[in-house]
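As structure tokens, the structure follows; a few thoughts come after it.
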Amino acid sequence: MIVQQSNFNSLLAITNRPPVVMVEGHGSWLIDSDGKRYLDFIQGWAVNCLGHTPSLLVEAVNRQAARLFNPSPAFYNDQAIRLANLLTEHSCLDRVFFTNCGAEANEGAIKLARKWGSLYKHGAYEIITMDNSFHGRTLATMSASGKPKWKELFEPKVPGFIQVPFNDLAAVAAAVSEHTVAIMVEPIQGEAGVIPATKEFLHGLRQLADKENLLLILDEVQTGMGRTGTLFAYQQAEAEPDIMTLGKGIGGGVPLAAVLAKEMISCFEPGDQGGTYNGNPLMTAVGVSVMEAMLESSFFRKVQENGEFLRKQLEELSRHHGLGVVRGSGMLLALLLPTPIASTIAEQAFEQGLIINAPRPDVLRFMPALNVSREEIETCITILGEVLTRCK
């Protein structure tokens with residue numbers, strides 16, 4: 001039975017949702033209140049990196065829930081320390097501040113960069129960001145984002161963000177002024193349609209930042225935590241960040257994100273930053289379990305192999321139906337369409353029990369669980385192929 005629309009009226013309408021209620025999920029599958037199963041190749045927008053309700057995360061929640069929820073950020077807790085140690089041991093960064101979502105992490109990165117600029121760069125505060133970028137939905141992160149539809153929304157915006165074309169190093173260099181403190185970029189622009197930064201661009205940004213005494217901020221909220229086939233996307237390019245943000249996959253489905261910074265950048269003083277729930281042991285215990293799962297010896301090899309399998313399946317589907325290229329990396333892929341019918345295809349796929357999304361009118365995006373099986377990938381391709389045949 002489809003739930004009546006009137007039953008949803010107590011929720012503020014912030015997006016178009018189908019009239020179904022999801023009540024259960026296991027691995028790559030979601031189940032609605034009528035018992036219908038959906039193969040989920042979005043996973044909460046790359047959030048459920050190990051799939052829905054994986055047993056190791058359920059165990060972590062139950063174990064920690066019996067010990068301690070939140071002692072307040074005024075005290076250290078063992079789980080936050082464990083997770084921070086894992087993150088710094090396996091990255092080029094030295095310090096961690098935990099937040100509850102990626103937008104909050106990016107907000108923290110902006111604040112940290114501006115604080116560093118005020119102390120060490122004569123008050124420099126401007127941050128160069130990219131056209132079509134997406135950094136979150138707080139007022140500052142919306143101001144930093146380059147989404148065209150947001151230009152007139154919630155004015156006046158937070159000043160201090162200069163947008164330039166993505167993958168255009170000359171444009172970035174031309175935008176640098178005495179007021180510039182940092183460059184902020186996504187290794188792959190997910191919401192723009194899964195558009196990767198070239199290795200040359202990221203490497204060039206690192207060199208430019210070094211030359212001009214700027215900070216390089218990498219927004220790895222979507223690309224981090226194994227999504228592109230390595231723990232962090234920056235590891236695939238010569239572009240170590242000064243500040244990096246994580247979100248989505250770090251919590252495997254619970255509210256958890258992080259700002260990581262090099263020691264020389266970590267200039268917050270008591271009172272500059274905080275948060276009631278930030279780094280609470282209930283959430284960071286889950287993050288520890290996610291990290292430990294990813295650090296198993298064969299985890300990233302399997303992500304890379306299955307990501308390549310998904311890519312090849314999508315490329316074959318594209319050849320068969322006369323579609324466009326497949327772009328992206330690992331388990332963050334997009335299929336380009338020759339006409340703007342992506343939303344129609346995604347809607348019809350949903351009716352057939354497959355969840356994908358359309359970040360752009362001519363782009364379909366795929367972000368399955370990192371441990372998705374080959375059989376599930378084949379099922380996705382079969383359903384999508386049937387939908388494409390009907391849409392011709």
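Residues in the stretch 181-227 that are farther than 20 Å from residue 103 by Cα and of a type in the set (Ser, Thr, Tyr): 198 only.
Within the stretch 283-304, restricting attention to residues that are more than 26 Å from residue 99 (Cβ to Cβ) and either of a type in the set (Val, Ile, Thr) or in contact (Cβ under 8 Å) with a residue 12 or more places away in the chain (or both), the residue that is surrounded by the fewest Cβ atoms within 10 Å (Cβ to Cβ) is 302.
Rundown of residues vs (1) within 20 Å of the chain's Cα centre (by Cα); (2) over 24 Å from residue 234 (Cα atoms), yes/no style:
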| residue | (1), (2) |
| --- | --- |
| 309 | no, no |
| 314 | no, yes |
| 333 | yes, no |
| 337 | no, yes |
| 340 | no, yes |
| 343 | no, yes |
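Within the stretch 171-178, at least one residue is crowded, with 22+ Cβ neighbours inside 10 Å and either basic (Lys, Arg) or assigned by TED's automatic domain parsing to the domain that holds residue 228 (or both). Checking the structure you have, find out if any residue of the stretch 124-144 is within 22 Å of residue 223 (Cβ to Cβ), surrounded by fewer than 20 Cβ atoms within 10 Å (Cβ to Cβ), of a type in the set (Asp, Glu) and assigned by TED's automatic domain parsing to the domain that holds residue 269. Yes, there is a match, as at least one residue in the stretch 124-144 is within 22 Å of residue 223 (Cβ to Cβ), surrounded by fewer than 20 Cβ atoms within 10 Å (Cβ to Cβ), of a type in the set (Asp, Glu) and assigned by TED's automatic domain parsing to the domain that holds residue 269. Restricting the stretch 251-294 to residues that are among the charged types (D, E, K, R) and in a loop (DSSP other than H, G, I, E, B), the residue that is modelled with the highest pLDDT is 262. The single residue among 67, 17 that is in a loop (DSSP other than H, G, I, E, B) and free of Cβ contacts under 8 Å to residues at least 40 places away in the same chain turns out to be 17. Taking the stated definitions as given, is residue 374 touching a strand residue (DSSP E or B) at 6+ places or on another chain (Cβ under 7 Å) and closer than 29 Å to residue 56 by Cβ? In short, no. Within the set 30, 68, 57, the sole residue that is surrounded by 13 or more Cβ atoms within 10 Å (Cβ to Cβ) and within 20 Å of the chain's Cα centre (by Cα) turns out to be 57.
Among the criteria (1) at positive phi; (2) not assigned by TED's automatic domain parsing to the domain that holds residue 196, the one residue 275 does not fulfil is (2).
Being of a type in the set (Asp, Glu) and within 17 Å of residue 141 (Cα to Cα) is a property that residue 219 has. Considering the stretch 263-282, the residues that are in contact with a strand residue (DSSP E or B) (Cβ under 7 Å, 6 or more places away or on another chain) and small (Gly, Ala, Ser) include one that is surrounded by the fewest Cβ atoms within 10 Å (Cβ to Cβ), namely 275. Restricted to the stretch 352-392, and to residues there that are out of contact with any Pro (no Cβ under 9 Å at 6 or more places or on another chain) and charged (D, E, K, R), the residue that is surrounded by the fewest Cβ atoms within 10 Å (Cβ to Cβ) is 392.
When 249, 193 are checked against the criterion of being of a type in the set (Gly, Ala, Ser) and in contact with a strand residue (DSSP E or B) (Cβ under 7 Å, 6 or more places away or on another chain), 193 stands alone in meeting it.
Of the strands (runs of 3 or more DSSP E) that lie entirely inside the stretch 302-392, those containing 1 or more residues that are within 20 Å of residue 37 (Cα to Cα) span 357-360, 363-366.
Residues that are of a type in the set (Asp, Glu) and farther than 20 Å from residue 119 by Cα within the stretch 265-300 comprise 292, 296, listed in sequence order.
The values are calculated or read from the model by the stated rules, or taken from the named source; none is laboratory data. Keep in mind it's a predicted model, so treat the numbers as computed, not measured. For neighbour counting, all protein chains shown are included, and Cβ atoms are generated from backbone atoms with ideal geometry for every residue, glycine included.
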